[in-house]
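The values are calculated or read from the model by the stated rules, or taken from the named source; none is laboratory data. Every value quoted in this text rests on a predicted model; they were computed, and no experiment measured them. Positions of Cβ are backbone-derived with ideal geometry, glycine not excepted, and every protein chain shown enters the neighbour counts. All accessible areas refer to the heavy atoms of the entire protein, side chains included, with ligands and DNA or RNA removed. Shrake-Rupley method; radii C 1.70, N 1.55, O 1.52, S 1.80 Å.
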Amino acid sequence: MSAAKKTDRKPAWLKASQPFIVGGLAGCVATSCIQPVDMIKVRIQLAGEGGAKGTKNPFQIAKNIIKNEGALSLYKGLDAGLIRQLTYTTARMGIFRITSDALKKEGEKTIPLWKKAFAGLFAGGVGALFGNPADLSLIRLQADATLPVDQRRNYTGVFNAMARTVKEEGVLGLWKGATPTVVRAMALNLGMLASFDQSKEYFNAKLGEGFTSTFLASAVSGFFAVTFSLPFDFVKTRIQKMKAGPDGKTPYSGTFDCFRKVMKAEGPLAFYSGYPTYYVRIAPHSMITLMAIDYANKAINGYYK
């Protein structure tokens, strides 16, 4: 029996949904591993806001969180993080694979880098729109303790955060910060997904298919994902965390206003604040996600051989 016919044993529903299911679950595994680092990353990005002189040392921040809020606070917002993966990562991974396959010409085994880049940009943008409500909730849950006591939202969890956001700010409040979120996701997925597929093809040709090639390709993709996306992640965090003051005004009127004010008050390097921590958060998350997807796909495809 040919390989093509063996693949046909897989149910049609699984063929269509596998990229989405595997992508979302792989993202949940990665988030569960990386959540404490994400918490520290958010605190670093908020440290210089409003002229504050808070520490940006990740070890000191972790120590302060554990001392003042308890060790479990490092996992604050995990429920929102998992919901985000089940929306954002499910969508982006599935859309990327489907778009890549659609762009492949008949008889073409691989597609050129520019097509991979387009698929990554498109998947990231659409996925981010699905994931923004959970992303907004995650940022607010993680940043709440940095606000003055009388300004804290005191959400009890992701669903409470979403419900109160709708009640207090309207349905569209769930998409606050959507512009930098979408741009950040497009940049991240351009760096992550396009470079992963391209690198994997290279390492497979040089080293053969297997764990080593997948690991090295995921490491390359992690670097590009971090470098491309951090400035947009920085702005996204500032906008989603902000809260109107007693005068009803917010610190930033929008994405470009945030870029302008940060550039003026903190300088261009502020957009790369916490690069090492962000790298430790994004690169391993990307690597774990991509390797988990690769392993799950091999397991599923092997079952139906």
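All conditions but one from (1) among the aliphatic types (A, V, I, L, M); (2) modelled with pLDDT of 90 or more; (3) more than 24 Å from the chain's Cα centre (by Cα) apply to Ala244; the one that does not is (2). Taken as a whole, the condition of being among the charged types (D, E, K, R), open to solvent by 10 Å² or more (accessible area, probe 1.4 Å) and modelled with pLDDT under 90 does not apply to Lys67.
Would you mention how many residues in the stretch 187-202 are of a type in the set (Ser, Thr, Tyr) and buried (at least 24 other Cβ atoms within 10 Å of the Cβ)? Before the answer, list the steps.
Of the stretch 187-202, the ones of a type in the set (Ser, Thr, Tyr) are 195, 199, 202.
Then drop every residue that is not buried (at least 24 other Cβ atoms within 10 Å of the Cβ), which leaves 195.
So the count comes out to 1.
If the condition is being over 16 Å from Gly77 (Cα atoms), of a type in the set (Val, Ile, Thr) and over 22 Å from the mean Cα position of the chain (by Cα), then the stretch 128-183 contributes Val149, Val166, Val171.
Residue-by-condition table, conditions (1) open to solvent by 20 Å² or more (accessible area, probe 1.4 Å); (2) at pLDDT 90 or above; (3) basic (Lys, Arg):
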residue	(1), (2), (3)
Gln45	no, no, no
Gly54	yes, no, no
Asn57	yes, no, no
Lys76	yes, no, yes
Leu82	yes, yes, no
Thr89	no, yes, no
Ala102	yes, yes, no
Phe118	yes, yes, no
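Look at the stretch 9-23 and say how many of its residues are closer than 28 Å to Gln240 by Cα and surrounded by 21 or more Cβ atoms within 10 Å (Cβ to Cβ). Number satisfying all stated conditions: 1.
Condition check ((1) buried (at least 17 other Cβ atoms within 10 Å of the Cβ); (2) touching a residue at least 12 places away in the same chain (Cβ under 8 Å); (3) hydrophobic (A, V, I, L, M, F, W, C)) across all residues:
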residue	(1), (2), (3)
Leu113	no, yes, yes
Pro133	yes, yes, no
Ser137	yes, yes, no
Leu147	no, yes, yes
Asn160	no, no, no
Pro180	yes, yes, no
Ala185	yes, yes, yes
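The residue that is nearest to Phe224 (Cα to Cα), among those in the stretch 162-174 that are buried (at least 17 other Cβ atoms within 10 Å of the Cβ) and in contact with a Ser or Thr (Cβ under 9 Å, 6 or more places away or on another chain), is Leu174.
A search for C-beta distances below 9 Å between a residue of the stretch 277-305 that is of a type in the set (Lys, Arg) and at pLDDT below 90 and any residue that is outside any helix (DSSP H, G or I) and open to solvent by less than 40 Å² (accessible area, probe 1.4 Å), counting only pairs 6+ apart in sequence or on different chains, returns Arg281/Gly274. Identify, by number, the condition in (1) open to solvent by less than 60 Å² (accessible area, probe 1.4 Å); (2) touching a residue at least 60 places away in the same chain (Cβ under 8 Å); (3) farther than 25 Å from Ser137 by Cβ that Phe223 doesn't meet. The number of the failed condition is (1).
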